[in-house]
Amino acid sequence: MVCLKIVFVLSHGQSNIESGFSVNKEILRENLQEKSLITQRLMYHSLNCSDLEAHQFVVSLELTKSCKFAYARYKADLDRQKEEKVVAEKVLKRAHTTQELQDAKKQKVELTNSINTLKEGLIKETLAADKTKELASVAKAAAFFHGIKAKEKELEECHKKITELDSILNK
């Protein structure tokens, strides 16, 4: 018997919260925003806590004025949200551009290292071709030379991209 009493008492421990869920279900609509739901819940709780019925509620002058200016507050809030969205988009775009710039600088370092490695290979093959007089060494040296030229073009494009991104960030 005592065990059942404890179980029944525990099951009603969350009844206020659970009844709130059923009230939310009643007032929820498809396009209801969070602020509207909060306002409706405040009105519901204030009427429940008072001894008044909904038709007995006295509309004060302050409440009437507040209702008159509700649309102006709504428009001001929409404008504020638009401004926040624009600022957030600018911050996101700047972060994206900064990341692109960092990537381009990293690519520039990698290209410079690659060009230096190719130049070392060119020098080595040129000396080998001069020493051995073999056509294979000359062909390898020519391949290194063409590789250097291709990487230098990539480096030039990368440098242009860095300059462009710098100018965007410094605006």
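Computed from the coordinates by the stated procedures, all read-outs in this text should not be read as laboratory data. A quick note: this is a predicted structure, and the numbers were derived from the prediction, not measured.
Once you reduce region 34-102 and region 137-171 to the center of their Cα atoms, the two points are 54 Å from each other.
Within the straight-line cut-off of under 18 Å between alpha carbons, the aspartates and glutamates reachable from LYS35 are GLU26, ASP77, ASP79, GLU84, sequence neighbours fewer than 8 places apart in one chain being disregarded. Counting only lysines at least 8 places from LYS140 when in the same chain, those with an alpha carbon closer than 26 Å to its own are LYS108, LYS119, LYS124, LYS131, LYS149, LYS151, LYS153.
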